[in-house]
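Worksheet for the structure shown next.
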Amino acid sequence: MYLFIYMIALGFSENMRGLFIPIIKNEFNINDSYIGYLLLISSIGYILFQYIGGAIIQKLDHKRVYLIALVTTISAFVMIYFSKTFGMLLGAMFVLNAGFSLYSIATNSLIPVMFIGFQAVLMNLTHCCYGFGTSLGQRLTGLMLDKGIMWRELYLLDGIIFTILLLVFFFIKFPSVHVESRKERTSLKSVLNNKLAVLFMFALGFYVFSELGVANWFANLLKTGYGFSQDKTSIYLAIFYFVFTIGRLVGGFIVEKVGHIKALIVSLMCAMIIFLAGLIGGKGTVILISISGFFFSIGFPTIVLIVNNTFKENTSYILGIVISAASTINMIINLIVGYLNDIFGVYKTFYLIPISLFMTILLLSIIKLKISGKNQGSI
């Protein structure tokens with residue numbers, strides 16, 4: 001239950017940034033290229049601590065990693081509140097994403113080990129809580145911004161929420177989970193030389209960009225490209241994450257019944273088609289982009305679950321590397337988006353999201369062929 005509540009708070013906090021981007025641009029007098037740098041620094045923090053977190057879990061128990069994540073996250077919220085320059089904000093965002101990353105790798109490696117029988121259901125339910133927090137956060141953030149509450153104050157509110165989670169943390173008993181001994185750990189080189197692992201890196205990387213691209217740039221499209229108000233923008237984002245949450249609530253059961261990769265490919269194809277229809281139609285069909293969130297929903301948790309089930313040894317370490325590489329791909333594409341927004345405009349650049357979905361589907365199809373009829377026990 002504690003992890004579910006933590007996930008709601010994480011979703012609430014992590015995706016507020018999309019609504020803040022137009023405000024940050026005005027406050028610091030910067031363009032989308034600088035926002036690209038902001039997302040770049042955030043991604044670097046996330047990437048480094050996915051890798052570091054996977055290695056730490058090899059040595060420490062999950063509870064200690066959660067504690068480090070909480071303290072890091074709270075410190076970052078305070079830093080954001082007091083950031084008076086864009087450089088200070090960049091540093092604070094690096095620390096914030098380091099904290100988010102440690103929680104992510106701990107949870108994504110813990111759930112599949114704890115719940116063997118219903119992995120897809122529990123993994124999607126856990127991430128359903130994230131979607132619920134995101135949907136709630138988008139709507140409440142939009143309302144509070146409209147009422148004149150400053151974006152820094154909202155981050156400070158997040159800090160208070162996570163401080164409460166920290167206090168409760170000391171009364172929570174975490175299960176004991178076996179971690180591979182150090183002598184069993186594979187090398188980074190052997191992971192990078194494994195073709196299947198590399199395919200997972202790119203498949204997850206393109207998917208992560210497509211999902212986070214909505215969180216990071218959808219508000220910018222609606223406000224800058226379509227001229228929507230802050231309140232109206234938050235409604236469309238909230239709808240995306242509301243149906244996203246519903247998808248994760250029911251998606252795990254569908255994945256268990258249909259099959260992990262098959263369900264994933266069909267779902268992402270639906271997401272791509274509906275998203276494209278909403279984008280091509282302009283203002284009149286933008287609601288379709290929000291509705292497509294339902295089919296995005298099972299993407300991340302199901303890919304993570306497939307990685308966990310594919311590599312039976314050194315799972316936390318390999319998962320950390322896969323997610324780090326995926327985050328690197330996301331970081332690079334986000335940096336490109338910042339530049340392309342300034343050159344071609346936010347509308348044309350937004351087509352990178354359905355293109356990334358197509359790449360994910362293609363790579364997952366290749367992965368399905370490679371692992372069909374055989375088990376990849378170790379590397």
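Values as computed for the structure displayed
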| quantity | calculated |
| --- | --- |
| Candidate set from the range 1-29 (those that are outside any helix (DSSP H, G or I) and over 20 Å from Gly148 (Cβ atoms)); member that is modelled with the highest pLDDT | Asn29 |
| Cross-chain or 6+ apart pairs with Cβ under 8 Å, the range 275-292 first and aromatic (Phe, Trp, Tyr), then crowded, with 19+ Cβ neighbours inside 10 Å and part of a helix (DSSP H, G or I) | Phe275/Ile289; Phe275/Ile353; Phe275/Pro354; Phe275/Leu357 |
| Output for the range 53-70, where each listed residue is at pLDDT 85 or above and of a type in the set (D, E, K, R) | Arg64 |
| Enumeration of residues in the range 333-354 that are farther than 17 Å from Ile30 by Cβ and either of a type in the set (Phe, Trp, Tyr) or touching a Lys or Arg at 6+ places or on another chain (Cβ under 7 Å) (or both) | Phe344, Tyr347, Phe350, Tyr351 |
| Filter result (of a type in the set (Asp, Glu) and assigned to a helix (DSSP H, G or I)) within the range 30-88 | Asp32 |
| Residues of the range 266-277 satisfying the condition of being closer than 16 Å to Val214 by Cα, of a type outside the set (Phe, Trp, Tyr) and surrounded by 19 or more Cβ atoms within 10 Å (Cβ to Cβ) | Leu268, Ala271, Met272, Ile274, Leu276 |
| Filter result (assigned to a loop (DSSP other than H, G, I, E, B) and farther than 30 Å from Val65 by Cα) within the range 139-177 | Lys147, Gly148, Ile149, Met150 |
| Tally of residues being over 30 Å from Gly227 (Cβ atoms), in a helix (DSSP H, G or I) and either within 22 Å of the chain's Cα centre (by Cα) or of a type outside the set (A, V, I, L, M, F, W, C) (or both) across the range 255-291 | 13 |
| Hey, Ser101 touching a residue at least 40 places away in the same chain (Cβ under 8 Å), out of contact with any His (no Cβ under 6 Å at 6 or more places or on another chain) and under 29 Å from Val322 (Cβ atoms) or not | yes |
| Residues satisfying the stated conditions in the range 73-103, i.e. out of contact with any Gly (no Cβ under 8 Å at 6 or more places or on another chain), of a type in the set (Ser, Thr, Tyr) and buried (at least 18 other Cβ atoms within 10 Å of the Cβ) | Tyr103 |
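Yes/no per residue for (1) under 20 Å from Ile361 (Cβ atoms); (2) buried (at least 24 other Cβ atoms within 10 Å of the Cβ):
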site: Gly282; (1), (2): no, no
site: Phe294; (1), (2): yes, no
site: Ser297; (1), (2): yes, yes
site: Val304; (1), (2): yes, yes
site: Thr310; (1), (2): yes, no
site: Asn330; (1), (2): yes, yes
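The values are calculated or read from the model by the stated rules, or taken from the named source; none is laboratory data. Here the structure is a predicted model, which means the values were calculated and not measured. Because the Cβ atoms are built from the backbone with ideal geometry, glycine has one as well, and the counts that use them run over all protein chains shown.
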